[in-house]
Ligand SMILES: [Zn+2]
């Protein structure tokens, strides 16, 4: 897991911070409240500008007028594309939450669902910037970095037919789990999921983990030679467009091998268990039936994408079936 949450006393007030760590370094620091005169009871900004925190450090925090002790949100923040980020704010008692620029311009508002809100908003490509999350009772600063390294290693980075990965991209910290490479977060989550499945009498296995750009290129090329490019696109992703290159996607199977990489896996006991439980371990079944017009992929009940337990739980709780829809991104049914 790369989402670390904790509490620490600061300025005599206990507060929570959320630090998203990617590739072993803290990229986004969600901490703090801006000065009391900069907020009103509705949490709207009145022009206060806060300083950018240095990477890896905590932010200067000052108490806020109208703040209700213990009501600050727990924030997890990642870019999802080069120009869009998402913040998951949880532990909120207010009915709505808002993201503003540091100078108070509103970027996004969202309803709070079971104490949690997901807000997505435009960010500048290739740089870091500071934002404010207001939940009606607190205002908290956080930063988002979309430098290429930070964006590509983002746990929430979207990779689809419209948004590719660079040919040179190899995820940080690849590790092996049951003989397949994947990011360390994916490996530990998969192992926890496999343990839980075993307790339910189901033996899961992996057919595919990390897939390099070169492997994608040769697989697509061989399908193209056999079927022609148009039909090959239904069988295999063009190089740079596979979530497997992120190290955050795995194809799972049951030990018997029945229905491996086949839609009938979704109707097996193992497939039904994965669909019902993957979110508990931070995964979503990425390509659901009836979403081909958005994802460009047929139903793949075996392909799970790691997003972290908090985001996957929110996605599941809100009944989403498509990551593009959840993040407010355009449909990507075709290569562009
Ligand atoms: Zn897959």
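Taken together, the values in this text are just the output of simple stated rules run on the coordinates, not laboratory data. Predicted model only: the values in this text are computed from it and were never measured. So basically every Cβ, Gly included, is an ideal-geometry build from the backbone, and we count neighbours across all protein chains shown.
Given a Förster distance of 25 angstrom, what is the FRET efficiency for residue 238 paired with residue 149, based on the Cβ-Cβ distance and rounded to 0.05? Walk me through the intermediate numbers first.
Working: r = 23 Å, r/R0 = 0.94.
The formula returns an efficiency of 0.60 here.
Taking the number of other C-beta atoms within 10 Å as the exposure measure, put 198, 211, 183, 139 in order starting with the fewest. The partial results should precede the final answer.
On the way: 198 11, 211 22, 183 26, 139 30.
Placing the least packed residue first, the sequence is 198, 211, 183, 139.
The value of relative contact order for the stretch 221-336, using C-alpha pairs under 8 Å at least six residues apart, is 23 percent.
So if we plug the beta-carbon distance of residue 334 and residue 178 into 1/(1 + (r/R0)^6) with R0 = 45 Å, what FRET efficiency do we get, rounded to 0.05? Before the final figure, lay out each step's value.
Values: r = 34 Å, r/R0 = 0.76.
Efficiency at R0 = 45 Å is approximately 0.85.
Give me the tail of P(r) for the stretch 228-336 as a percent: Cα-Cα pairs with distance above 22 Å. Counting pairs separated by more than 22 Å, the tail of P(r) holds 30 percent.
Sort 234, 180 so that the residue with the fewest other Cβ atoms within 10 Å of its own Cβ comes first and the one with the most comes last. Each step should come with its number before you reach the end.
Values: 234 11, 180 20.
Ranking 234, 180 by Cβ neighbours within 10 Å, fewest first, gives 234, 180.
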